[in-house]
Amino acid sequence: MRAFLLTAALIVTLHAEDFAPGRIIDDVKCAADPSQSYALYLPSNYSPGQSWPVIFAFSPVARGRVPLERLQEAAEKYGYILAGSNNSRNGDSQSSTAAIRTMPTDVTTRFSVDRKRVYTAGFSGGSRVAMQVALNSGGKIAGVIACSASFPDAQPRKSAPFVIFGTAGTEDFNYLEMRRLDRTVTTPHRVMIFEGTHDWLPANLAGDAIEWLEVQAMKSGLRPRDEALLDKIFAARVAHASAEPSELKALAADFEGLRDVTGFAARAAEWERQKNVQATFKKERFLEQREEQMIAELVTLENGLGIQAKRSDSLTELRDRLSEIAHRAHAKDDSPERRLARRVLIGTFVRSFEQIKDEEYRKFLEQLR
């Protein structure tokens with residue numbers, strides 16, 4: 001009985017705590033397990049009198065504040081609670097599992113959360129955690145913001161029981177993975193590519209992401225339709241698509257059932273039939289296939305390092321190939337080929353750090369870096 005009364009008193013205390021809205025709080029200890037903590041952001045107009053959508057974010061290096069800094073402006077604008085784990089990290093499944101268990105429970109206990117609008121977000125290995133949480137939620141996760149990594153096994157599904165907003169940098173070693181997700185998944189999703197490397201989505205894309213989640217929530221009935229907001233978002237997307245015809249197809253898909261998009265769908269189909277556009281698609285696919293082949297060949301050679309009879313030849317071939325790739329990666333002018341070379345090279349560095357034990361090869365890569 002005493003333990004029960006102490007628990008009850010603790011819950012009352014938690015609800016009474018004054019978490020200042022409108023600023024990021026770096027370290028909120030979980031009541032059930034103080035070894036687990038998270039960064040927190042409450043919108044400045046937060047009130048327990050209404051329910052608020054929430055995004056639970058997972059970093060590959062246990063830095064909860066970083067995603068909140070990217071998402072803060074959009075969360076303030078659209079009224080989202082943000083919580084970023086300070087424990088979940090790559091290579092530590094125990095801490096990640098504990099974070100998955102304790103952080104959401106703590107947040108939903110302390111704050112007024114809209115249980116129909118719970119989202120996850122993550123970057124790199126943290127994105128795989130966010131996806132895994134959503135896949136295991138039994139339909140309780142409405143959507144995922146997936147930055148620079150997709151499903152836990154890196155293999156895209158044809159469908160997902162939640163919406164997906166994905167991002168990748170032009171020089172991101174997981175660029176191909178996110179492009180495959182975009183091509184394969186048929187349920188509501190959007191993948192946007194930004195100028196950059198392997199990183200969390202930039203703040204401007206964070207705004208696009210949360211705005212997109214708002215549209216999807218209205219489309220699926222998870223939140224009431226706000227016609228004025230829809231008009232504003234739709235007008236901005238139409239203006240953007242007028243300047244960037246490649247956005248017409250996404251515009252039509254996102255607003256189907258919300259606005260009359262018949263004309264935009266027809267324009268998108270007409271644009272895609274143009275010979276120059278078809279040629280661009282063909283070149284993009286060729287470069288993707290070339291990148292896939294280059295990675296596969298490098299992995300095969302790296303596997304040969306562990307076979308004594310193949311090691312010497314494999315090491316020589318790796319040195320020659322990677323030196324050539326590094327030369328293209330350092331080209332003066334930007335180009336699709338330079339970006340491809342940089343993605344392959346950085347991916348090789350990451351792979352060697354995580355998987356390769358051959359000291360001579362690793363020393364060569366350090367010199368190349």
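The values are calculated or read from the model by the stated rules, or taken from the named source; none is laboratory data. Note that this is a predicted model, so its numbers are computed, not measured. Cβ coordinates were reconstructed from backbone atoms using ideal geometry, including for glycine residues, and neighbour counts include every protein chain displayed. Only protein heavy atoms, including side chains, enter the accessible area calculation; ligands, DNA and RNA are left aside. Shrake-Rupley method; radii C 1.70, N 1.55, O 1.52, S 1.80 Å.
Condition first: touching a residue at least 24 places away in the same chain (Cβ under 8 Å) and open to solvent by 10 Å² or more (accessible area, probe 1.4 Å). Now tell me which residues in the stretch 57-66 satisfy that.
PRO60, VAL61, ALA62, ARG65, VAL66
Of everything in the stretch 27-43, what is open to solvent by 70 Å² or more (accessible area, probe 1.4 Å) and either within 17 Å of ALA209 (Cβ to Cβ) or hydroxyl-bearing (Ser, Thr, Tyr) (or both)? Give them in sequence order.
The one that is open to solvent by 70 Å² or more (accessible area, probe 1.4 Å) and either within 17 Å of ALA209 (Cβ to Cβ) or hydroxyl-bearing (Ser, Thr, Tyr) (or both): SER35.
Those residues that are closer than 13 Å to GLY126 by Cβ and surrounded by fewer than 20 Cβ atoms within 10 Å (Cβ to Cβ), I need them from the stretch 44-56; list them, please.
Within the stretch 44-56, none qualify.
Just to be sure, is ALA3 modelled with pLDDT of 95 or more and either open to solvent by less than 70 Å² (accessible area, probe 1.4 Å) or more than 17 Å from VAL107 (Cα to Cα) (or both)?
no
Just give me the residues in the stretch 67-109 being over 22 Å from PRO48 (Cα atoms), surrounded by fewer than 19 Cβ atoms within 10 Å (Cβ to Cβ) and at pLDDT 95 or above, in sequence order.
If the condition is that a residue be over 22 Å from PRO48 (Cα atoms), surrounded by fewer than 19 Cβ atoms within 10 Å (Cβ to Cβ) and at pLDDT 95 or above, then GLU69 is the only one that fits.
Could you go through the stretch 267-275 and let me know if any residue there is in a helix (DSSP H, G or I), modelled with pLDDT of 95 or more and among the aromatic types (Phe, Trp, Tyr).
The answer is yes; a qualifying residue exists.
Among the residues of the stretch 198-245, write down those that are charged (D, E, K, R) and closer than 22 Å to PHE162 by Cα.
ASP208, GLU211, GLU214, LYS219, ARG223, ARG225, ASP226
Please work out if LEU248 is in contact with a Lys or Arg (Cβ under 8 Å, 6 or more places away or on another chain), free of Cβ contacts under 8 Å to residues at least 40 places away in the same chain and open to solvent by less than 30 Å² (accessible area, probe 1.4 Å).
Against the criterion (in contact with a Lys or Arg (Cβ under 8 Å, 6 or more places away or on another chain), free of Cβ contacts under 8 Å to residues at least 40 places away in the same chain and open to solvent by less than 30 Å² (accessible area, probe 1.4 Å)), LEU248 qualifies.
Output the number of residues of the stretch 231-256 satisfying the condition of being under 18 Å from HIS189 (Cβ atoms) and either of a type outside the set (A, V, I, L, M, F, W, C) or in a loop (DSSP other than H, G, I, E, B) (or both).
So the answer is 6.
Determine whether GLU292 is under 28 Å from ARG342 (Cβ atoms) and part of a helix (DSSP H, G or I).
yes
Here is a yes/no grid of residues against (1) open to solvent by less than 90 Å² (accessible area, probe 1.4 Å); (2) touching an Asp or Glu at 6+ places or on another chain (Cβ under 9 Å); (3) farther than 30 Å from GLY221 by Cα:
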residue	(1), (2), (3)
LEU258	yes, no, no
ALA265	yes, yes, no
LYS275	no, no, yes
LEU287	yes, yes, yes
LEU298	yes, no, yes
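Which condition from (1) crowded, with 19+ Cβ neighbours inside 10 Å; (2) free of Cβ contacts under 8 Å to residues at least 12 places away in the same chain is the one that ALA228 breaks?
Only one criterion in (1) crowded, with 19+ Cβ neighbours inside 10 Å; (2) free of Cβ contacts under 8 Å to residues at least 12 places away in the same chain is unmet by ALA228, namely (1).
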